[in-house]
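J.: Quick one: structure below, then a few questions.
The values are calculated or read from the model by the stated rules, or taken from the named source; none is laboratory data. Keep in mind that this is a model prediction, so the values were computed, not measured. Cβ atoms come from the backbone with ideal geometry, glycine included; neighbour counts cover every protein chain shown.
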């Protein structure tokens, strides 16, 4: 999976590169509009991570250029502008998704995976993790070939964990993923705990291994080992 | 006390004093003038009599006993005052008399007393004071009427200025526009006030810009901090130290809170800037259901029952982001200040949206609940901007917002009353356009 990261802020860029590589992506980088334009013209990417505020241009113009070519490349807009209007403009121009800075890397990961999944297989795909199989389009989960019934939030939680295998997920990231990013995490730690407890119980009832680890004081992690 | 009655009071006091002194002077003056005049007349009569006697004619016989008395015995000479009883009126009347000696040839001299009635003192006094009082009354009436006229006419610009000041709202980002008055004092006042309001607007603008810029500029460093802290959490070495990971996680949480705070402040200043002019028709009932679904985990965790009573209503023209923020903050507020096992009731009708929840009575002025950084509980991690955002959105769209506490059942209710639906893209504030124009 090849990603183009368009981000002008060096410190954020290097951290994003590191996180994306850990997530198993091949990452190329553009630090400004010109570089980014050249790269999207020359190469093909599964997804472009696009910062809107670039020193020499507006990311929205790059989005327009991409869409004009009816490229199959997915676009995830990341912007510090946080204007609700930016979001609308980006999505109207054909961006697949929008993330306001600052964001959780795990959330970025989950969104990125969802975009690539949709674009690559037109939905006809499934995720496999050890003894788990998930069909995201049908929202179906199987453990060892047996169907698993989950509530909506439990399913969302499982999918979020599956998008970030081996990554420590903070409670804040999980809470905001489940309830929208305007939810104060402090209010919601108790429900994360409840949902996780239920999810674990259901998985164990079907004989799945306990691969959801609690990281004390931090959050949770889907253990790949 | 109003200015004009106050000045009138001093006018009245001064004129009363002046009139008292004036009445005294007038009385004394008139009295003296009358006596002088009477004395002169008596002198004239005397000369006439003396001339007559010198011409050898006899003294006339007294006709009016009181005015002309002839005595053969000596009497004190010169002017003197006396009081005689007027038999017809039965009153004592003051008289001025002149006594002189008339030497007649070949006869014994006689003493002649000529008298003339003086005006009665009381009458004089009454006339003087009466006329003075009448004049004074007229004058005071004149002053009062004049002041009434002046206050209606001359003070009109002042009252106009006052009304404008009362209605002045800094949020509209407009300096005062006061007319130039023909009266110099008012013109100066208006000028000073206009100047002051211009400075206020400028200061407010720069403060607002500062807040917006600060909120925006902090997002990038916060994004770096948050991303790097999250990466730090992935470092395997951190798992070996039980104390280290929670430290980083706390830092991470704090960074998140800070960025949330800045987002809220940024939202507030953008609403104030009138940046959300776009509007689309929104089905509020569907939005509320969606929000309730989104917040379901929070409701469940606290054992709160959502009661949605959503009457079908025509779509409203709102900015989707603001509508989302409005509903989110209303619901979140109802969840946060609820009792365990309580409920969150949302009532939507064509004219109003009502969110109510049970909760302990809160002290303090309800109007202050909408202030920024207002917290019910000081230890709360929430910055206390939710209701302030709700209020700003309501003001922006011209909606009414009211808080109510019903002691029976201890329910808190927040009611948003919709105004008439406006044309899309014409919110209450036209701040940016007006600023550019003015």
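J.: If a residue has to be over 22 Å from residue B:220 (Cβ atoms) and either modelled with pLDDT of 95 or more or exposed (fewer than 15 other Cβ atoms within 10 Å of the Cβ) (or both) to count, how many in region A:31-56 make the cut?
T.: Final tally of qualifying residues: 5.
J.: Take region A:92-147 and flag every residue that is in a strand (DSSP E or B), in contact with a helix residue (DSSP H, G or I) (Cβ under 8 Å, 6 or more places away or on another chain) and either without any contact (Cβ under 8 Å) to a residue 24 or more places away in the chain or closer than 30 Å to residue A:68 by Cβ (or both).
T.: Quick first cut of region A:92-147, residues in a strand (DSSP E or B) only: A:97-100, A:127-129, A:132-135, A:140-143, A:146-147.
If we keep only those that are in contact with a helix residue (DSSP H, G or I) (Cβ under 8 Å, 6 or more places away or on another chain) as well, we get A:97-100, A:127, A:129, A:132, A:134, A:141, A:143.
Correct list: A:97, A:98, A:99, A:100, A:141.
J.: Limited to region B:138-163, what total is found for residues that are surrounded by 11 or more Cβ atoms within 10 Å (Cβ to Cβ) and part of a helix (DSSP H, G or I)?
T.: Residues of region B:138-163 surrounded by 11 or more Cβ atoms within 10 Å (Cβ to Cβ): B:139-140, B:143-144, B:146-148, B:150-151, B:154-162.
Remaining after also requiring part of a helix (DSSP H, G or I): B:139-140, B:143-144, B:146-148, B:150-151, B:156-162.
Matching residues across region B:138-163 total 16.
J.: Regarding residue A:178, is this residue within 24 Å of residue B:246 (Cβ to Cβ), in contact (Cβ under 8 Å) with a residue 24 or more places away in the chain, at the interface with chain B (Cβ under 10 Å from one of its Cβ atoms) and touching a strand residue (DSSP E or B) at 6+ places or on another chain (Cβ under 7 Å)?
T.: Numbers: within 24 Å of residue B:246 (Cβ to Cβ): yes; in contact (Cβ under 8 Å) with a residue 24 or more places away in the chain: yes; at the interface with chain B (Cβ under 10 Å from one of its Cβ atoms): yes; touching a strand residue (DSSP E or B) at 6+ places or on another chain (Cβ under 7 Å): no.
Considered against the rule, which asks whether it is within 24 Å of residue B:246 (Cβ to Cβ), in contact (Cβ under 8 Å) with a residue 24 or more places away in the chain, at the interface with chain B (Cβ under 10 Å from one of its Cβ atoms) and touching a strand residue (DSSP E or B) at 6+ places or on another chain (Cβ under 7 Å), residue A:178 comes out as no.
J.: Okay, moving on. (1) over 39 Å from the mean Cα position of the chain (by Cα); (2) surrounded by 18 or more Cβ atoms within 10 Å (Cβ to Cβ); (3) not assigned by TED's automatic domain parsing to the domain that holds residue B:226: which one isn't true of residue B:256, the others all being true?
T.: Every condition holds for residue B:256 apart from (3).
J.: Among residues belonging to region A:1-13 that are surrounded by fewer than 23 Cβ atoms within 10 Å (Cβ to Cβ) and within 9 Å of chain B (Cβ to nearest Cβ), point out the one that is modelled with the highest pLDDT.
T.: Checked region A:1-13; the qualifying residue modelled with the highest pLDDT is A:11.
J.: Is at least one residue of region B:104-115 in a helix (DSSP H, G or I) and without any contact (Cβ under 8 Å) to a residue 12 or more places away in the chain? Write out each step before concluding.
T.: Pass one, region B:104-115, residues in a helix (DSSP H, G or I): none.
No - not one qualifying residue is present in region B:104-115.
J.: Which of the residues belonging to region A:185-208 are away from chain B (no Cβ under 12 Å) and touching a helix residue (DSSP H, G or I) at 6+ places or on another chain (Cβ under 8 Å)?
T.: A:199, A:202
J.: Of A:28, A:18, which residue is within 18 Å of the chain's Cα centre (by Cα), within 10 Å of chain B (Cβ to nearest Cβ), surrounded by fewer than 19 Cβ atoms within 10 Å (Cβ to Cβ) and at pLDDT 90 or above?
T.: Values: A:28 fails: within 10 Å of chain B (Cβ to nearest Cβ).
That would be A:18, the only listed residue that is within 18 Å of the chain's Cα centre (by Cα), within 10 Å of chain B (Cβ to nearest Cβ), surrounded by fewer than 19 Cβ atoms within 10 Å (Cβ to Cβ) and at pLDDT 90 or above.
J.: Taking residue B:233 as the residue in question, decide whether it is at pLDDT 85 or above and at the interface with chain A (Cβ under 7 Å from one of its Cβ atoms). If you could, list the steps in order and put the result at the bottom.
T.: Numbers: at pLDDT 85 or above: yes; at the interface with chain A (Cβ under 7 Å from one of its Cβ atoms): yes.
Against the criterion (at pLDDT 85 or above and at the interface with chain A (Cβ under 7 Å from one of its Cβ atoms)), residue B:233 qualifies.
J.: Tally time: how many residues in region B:165-175 are surrounded by 12 or more Cβ atoms within 10 Å (Cβ to Cβ) and either at pLDDT below 80 or within 11 Å of the chain's Cα centre (by Cα) (or both)? Break it down stepwise before answering.
T.: Of the residues in region B:165-175, the ones surrounded by 12 or more Cβ atoms within 10 Å (Cβ to Cβ) are B:165, B:168, B:170-175.
Now restrict to residues that are either at pLDDT below 80 or within 11 Å of the chain's Cα centre (by Cα) (or both): B:165, B:170-174.
Residues meeting the conditions: 6.
J.: When the residues of region B:273-292 are filtered to those that are closer than 26 Å to residue A:194 by Cβ, more than 9 Å from chain A (Cβ to nearest Cβ) and touching a helix residue (DSSP H, G or I) at 6+ places or on another chain (Cβ under 8 Å), which remaining residue is surrounded by the most Cβ atoms within 10 Å (Cβ to Cβ)? If you could, list the steps in order and put the result at the bottom.
T.: Going through region B:273-292, the residues closer than 26 Å to residue A:194 by Cβ turn out to be B:288-292.
Next cut, more than 9 Å from chain A (Cβ to nearest Cβ) only: B:288-290, B:292.
Keeping just the survivors that are touching a helix residue (DSSP H, G or I) at 6+ places or on another chain (Cβ under 8 Å) gives B:288, B:292.
Values: B:288: 21, B:292: 18.
So, considering only residues that are closer than 26 Å to residue A:194 by Cβ, more than 9 Å from chain A (Cβ to nearest Cβ) and touching a helix residue (DSSP H, G or I) at 6+ places or on another chain (Cβ under 8 Å), the one surrounded by the most Cβ atoms within 10 Å (Cβ to Cβ) is B:288.
J.: So which of B:327, B:267, B:295 is surrounded by 17 or more Cβ atoms within 10 Å (Cβ to Cβ) and modelled with pLDDT of 90 or more?
T.: When all the criteria are applied, what remains is B:327.
J.: Still on this structure, please answer the following. Out of the residues in region A:52-91 meeting the condition of being free of Cβ contacts under 8 Å to residues at least 24 places away in the same chain and in a helix (DSSP H, G or I), tell me which one is nearest to the other protein chains (Cβ to nearest Cβ). Don't jump to the end; show me each part of the working.
T.: Residues of region A:52-91 free of Cβ contacts under 8 Å to residues at least 24 places away in the same chain: A:68-70, A:82-85, A:87-88, A:91.
So of that shortlist, the ones also in a helix (DSSP H, G or I) come out as A:68, A:84-85, A:87-88, A:91.
Values: A:68: 24, A:84: 3, A:85: 7, A:87: 7, A:88: 7, A:91: 11 Å.
Among them, the one singled out is A:84.
J.: Is it the case that residue B:227 is at the interface with another protein chain (Cβ under 9 Å from one of its Cβ atoms), in contact with a strand residue (DSSP E or B) (Cβ under 9 Å, 6 or more places away or on another chain) and in a helix (DSSP H, G or I)? Spell out how you get there, then give the answer.
T.: On the way: at the interface with another protein chain (Cβ under 9 Å from one of its Cβ atoms): yes; in contact with a strand residue (DSSP E or B) (Cβ under 9 Å, 6 or more places away or on another chain): no; in a helix (DSSP H, G or I): yes.
Criteria not met by residue B:227.
J.: Could you pull out the residue among B:290, B:217, B:188 that is assigned by TED's automatic domain parsing to the domain that holds residue B:393, in a helix (DSSP H, G or I) and without any contact (Cβ under 8 Å) to a residue 60 or more places away in the chain? Explain how you work it out, then say what you get.
T.: Details: B:217 fails: assigned by TED's automatic domain parsing to the domain that holds residue B:393; B:188 fails: assigned by TED's automatic domain parsing to the domain that holds residue B:393.
Going through B:290, B:217, B:188 in turn, just one is assigned by TED's automatic domain parsing to the domain that holds residue B:393, in a helix (DSSP H, G or I) and without any contact (Cβ under 8 Å) to a residue 60 or more places away in the chain: B:290.
J.: Can you tell me which residue among A:161, A:169 is surrounded by 15 or more Cβ atoms within 10 Å (Cβ to Cβ), within 11 Å of chain B (Cβ to nearest Cβ) and in contact with a strand residue (DSSP E or B) (Cβ under 7 Å, 6 or more places away or on another chain)? Walk me through it before giving the result.
T.: Working: A:161 fails: within 11 Å of chain B (Cβ to nearest Cβ).
One residue alone meets the criteria, A:169.
J.: Suppose we keep only residues that are within 8 Å of another protein chain (Cβ to nearest Cβ) and assigned to a helix (DSSP H, G or I) within region B:236-249. Which one would you say is surrounded by the most Cβ atoms within 10 Å (Cβ to Cβ)? Break it down into steps so the answer makes sense when it comes.
T.: Quick first cut of region B:236-249, residues within 8 Å of another protein chain (Cβ to nearest Cβ) only: B:239, B:242, B:245-246, B:248-249.
If we keep only those that are assigned to a helix (DSSP H, G or I) as well, we get B:239, B:245-246, B:248-249.
Values: B:239: 17, B:245: 22, B:246: 16, B:248: 19, B:249: 24.
That would be B:249.
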